[in-house]
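First the structure, in the form of structure tokens, and then the observations on it.
The values are calculated or read from the model by the stated rules, or taken from the named source; none is laboratory data. Please read these numbers as outputs of a predicted model, since none were measured by experiment. Neighbour counts run over all protein chains shown; Cβ positions are idealised from the backbone, glycine included. Accessible surface areas use protein heavy atoms only, side chains included; no ligands, DNA or RNA. Shrake-Rupley method; radii C 1.70, N 1.55, O 1.52, S 1.80 Å.
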Amino acid sequence: MSFTPKNLNVKYTFNVSRNRSKVWLISGFAVLISFLGFFFSWTNQSIGFPLRPGFDFTGGTQIILERKCDSECNKITTINISEAFNNAKFSNQETSQKLFDARIQFLDGYKSLLIRSPELSPSESKEVIESIEFVAGPLEDGGQSVESIGPTLGAKLLQTTLISLLVAFSCVAIYISIRFDRMFSLYALLALFHDVLIVCGVFSWLGIINEVEVNSLFAVALLTIAGYSVNDTVVVFDRIREINKQESRMNFKQKVDFAVSATLTRTLYTSGTTLLPLIALIFFGGTTLYWFAIALALGVVVGSWSSIALVPSLLTLRKEN
Amino acid sequence: MARQQGWFALLIALVISAFLLCINLPFQLGLDLRGGSQLTLEVQALNPNEQIKSEQLEAVQSVLDRRVNGLGVAESSLRTIGTNQLILELPGEQEPSKAARVLGKTALLEFRKQKINTKSEMQRLQRIRSQVNNIDLYKKASKDNKSELIENKKIGEQVNDLRVALGLANSSLNEHDQIDQIRQKVNSEIVELFEPSSLTGSDLVSAGRRQEQNLTSWEVTLAFNQDGGEKFASLTKSIAGSDRLLGIILDGESISEASVGEQFKVAGITGGSATISGNFTAESARELEVQLRGGSLPLPVSIVQVRTIGPTLGVDNIRRSLIAALLGLSLVAIFMVSFYRLAGFIAIFALSFYALFNIAIYALIPVTLTLPGVAGFVLSIGMAVDANVLIFERVKDELRRGNTLIRSIETGFSQAFSSIIDGHITTLISCISLFYLGTGFVKGFAATLGIGVFISLFTALSCTRVLLRFFMSYKSLRKTTNFLSENQLPKQLT
């Protein structure tokens, strides 16, 4: 049984080796934009970090309150809330000082209220909620969430997340170099960094423009993106290895091109089917999962790009088998 | 054909048992889905350079465990994280401040007798203390009514008088802190008037509480072990009938000063039990009881993180993620049927089984479902579909090359095998490292995704196959056009 592209009717919808300079240009440009984002974010006085860190990395207290309103909530301003803080008699003098640095935000068209401040003790938070109830009340009974996190815990969280990220990467690299070869695992890692970098870059720009913060859920999203990226790439590798065994007449470049074409439909379909639940999550998952789902969706798109275009184009750098 | 039906029957049996599992076993929902409080406690070493030993962490955990049980919150859980942290979950609890108060206290209980010739000093301090308490009560009452303090000036004068009486220097502290300062000063001076004894909380066997006879306040009852009972008897005997008091001191703070009656002069208070009456409310008596019964903490703990999620917020989260999951699944279903026809239809079956098996495993292990966990599940659906797509693409390839249907299906499975294995293993590797190294909800996410990957391997390689073979045993379904549109077929077949 012969196994040639002609027989298979594979259309070279996308010829990697011929377009590789375009691929590199696009990827390089995206990475550059990401680095610019990190730079601007870092030099931005209110951020001072490559990505805008969420409160579970910096520490503090976040209170989310849902207001009880019939059809439309009466409009109150953040100034009303600040005044309520000033007038409130807190049993601890420090509470007012902490609230001085608090950030107040209205969500869902005045329906919910978000207050973020330096760390408050449970009893302090309770008093703060009571003082808000005075101006923004009545509040929905079960619709409150209070989260306090100490600064040391945030740093530790970041540290453990980074460690698990590195360990996961190296284990996957070892697996690929055993199953395929060392160059393959190097390229897969490169693609993975490329994907993670670009998603981080987009979020650093979002942090500058839209004040989007990264939290530990974002770290989880990055880990998933990394896993997905490798998973996607491995399927292409697998096809190359298979063709390598069956075809002796093609040169390596042709084999790579052929493998990409043969797996293209699969990659696009799979990305599509993974994106569908994510899109549902973006539109219906609520605020908690909104940016998480966006990060994942972005990662899926970038991950598909790197496994269809970037990794194969890097592979064609190699001349012989 | 009989063999195919045997496998099919096995699959049906699996599905039914998974279904029964889901119905009969309760799900463990995380706090973000059911509402409640989560406290992260950090154990502090006595010496900052010292590492907390695992025995020490265990000892702290067992004390906290007893205190938590005393709080009476249903289904509370306490577990250690890392080398020095404990996570306490209190489902349904909306006021973590109460738990925080009970958990953080060291609860070192001491019984001391008053030093000789300090009666007048004691009375003076007790008088100041009751004045301070009155001021506090008055302030609290006026704050609750949300009215202005009328006698603000008078309180200021009172506070000042008290400060002078205690010999405190003038300071720039605000009124609230001044009152605090006075209270601390009075307390430390009262504690100074007692001499330590060998009777401590470690001699306690149990603690309880009951309403006092006047029904307005509560008292805490104590029962000592034999040794403690003897110590208590000799301690009370030595001060019976005198004007010296018995001080009950908790964490360096005097909570009660009791006199011992003349009648105990001969043998002291025997029987190994005592009561502490210190104007307790039902609530504060219960807190003390819980702390005493749990024993004292070997190391101090501090609360580093508190999360409280309202119950309706939790329900809302469940509803939203359910909608997302169902909508995502149905979109995928439409996609699969329109691109893979009969095979896509079979894949939907396999995917539904996949979802069912997943949920059954969550109930069986059990996995605590959190919001990130649900996200992990939604995402793993994508991976499960991928395996099917890999197989069906191969089947299509084979059909395009002119192979027969049955043969194409078999070859498709065997050729997709290595890609599926590699893809799943790489994801599994990251899940495992995440699970072992991650904390809190990162773990939940890794767990659900990891389980999903495992089950996806099973459903793709066996369920899809068994179902496909079963359907192929019916001649009417064995048509190439059920898998591929006619114009994609090689010429010689059409």
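Some points to look at:
- Some residue of the range B:428-437 being modelled with pLDDT under 85 and surrounded by fewer than 19 Cβ atoms within 10 Å (Cβ to Cβ): yes
- Residue list for the range B:219-278, restricted to those being open to solvent by 60 Å² or more (accessible area, probe 1.4 Å) and part of a loop (DSSP other than H, G, I, E, B): B:243, B:265, B:266, B:270, B:271
- Residue within the range A:171-190 that is of a type outside the set (S, T, N, Q) and assigned to a loop (DSSP other than H, G, I, E, B) present: yes
- Test: residue in the range B:370-383 that is at the interface with chain A (Cβ under 7 Å from one of its Cβ atoms) and more than 30 Å from residue B:39 (Cα to Cα): yes
- Residue identified as touching a residue at least 12 places away in the same chain (Cβ under 8 Å), in contact with a Ser or Thr (Cβ under 9 Å, 6 or more places away or on another chain) and open to solvent by 10 Å² or more (accessible area, probe 1.4 Å) among A:219, A:188: A:219
- Taken together, the criteria place residue A:265 among residues that are within 7 Å of chain B (Cβ to nearest Cβ) and open to solvent by 10 Å² or more (accessible area, probe 1.4 Å).
- Residue B:444 being crowded, with 22+ Cβ neighbours inside 10 Å, at pLDDT below 85 and assigned to a helix (DSSP H, G or I): yes
- Of A:211, A:242, all but one fail to be of a type in the set (Asp, Glu) and within 29 Å of residue A:43 (Cα to Cα); the exception is A:211.
- So residue B:341, is it of a type in the set (Lys, Arg), free of Cβ contacts under 8 Å to residues at least 60 places away in the same chain and either in a helix (DSSP H, G or I) or within 12 Å of another protein chain (Cβ to nearest Cβ) (or both): no
- Subset of the range A:153-185 [farther than 30 Å from residue B:423 by Cα and facing chain B (nearest Cβ under 7 Å)]: A:153
- Residue B:66 being in contact (Cβ under 8 Å) with a residue 40 or more places away in the chain, of a type in the set (Lys, Arg) and open to solvent by 80 Å² or more (accessible area, probe 1.4 Å): yes
- Residue within the range A:114-133 that is open to solvent by less than 40 Å² (accessible area, probe 1.4 Å), within 12 Å of chain B (Cβ to nearest Cβ) and outside any helix (DSSP H, G or I) present: yes
- Top-ranked residue in the range A:268-284 [being open to solvent by 10 Å² or more (accessible area, probe 1.4 Å) and hydrophobic (A, V, I, L, M, F, W, C); ranked as farthest from residue A:240 (Cα to Cα)]: A:284
- Residues satisfying the stated conditions in the range B:120-159, i.e. of a type in the set (S, T, N, Q) and modelled with pLDDT of 70 or more: B:120, B:123, B:126, B:130, B:131, B:133, B:134, B:158
- Entirely in the range B:1-120, the strands (runs of 3 or more DSSP E) that have 2 or more residues that are among the hydrophobic types (A, V, I, L, M, F, W, C) and in contact with a Lys or Arg (Cβ under 8 Å, 6 or more places away or on another chain): B:85-91
- Selection within the range B:316-326 - surrounded by fewer than 19 Cβ atoms within 10 Å (Cβ to Cβ) and either modelled with pLDDT of 85 or more or not charged (D, E, K, R) (or both): B:318, B:322, B:323, B:326
- Residue A:48 vs. criteria assigned to a helix (DSSP H, G or I), open to solvent by less than 100 Å² (accessible area, probe 1.4 Å), at pLDDT 80 or above and not aliphatic (A, V, I, L, M): no
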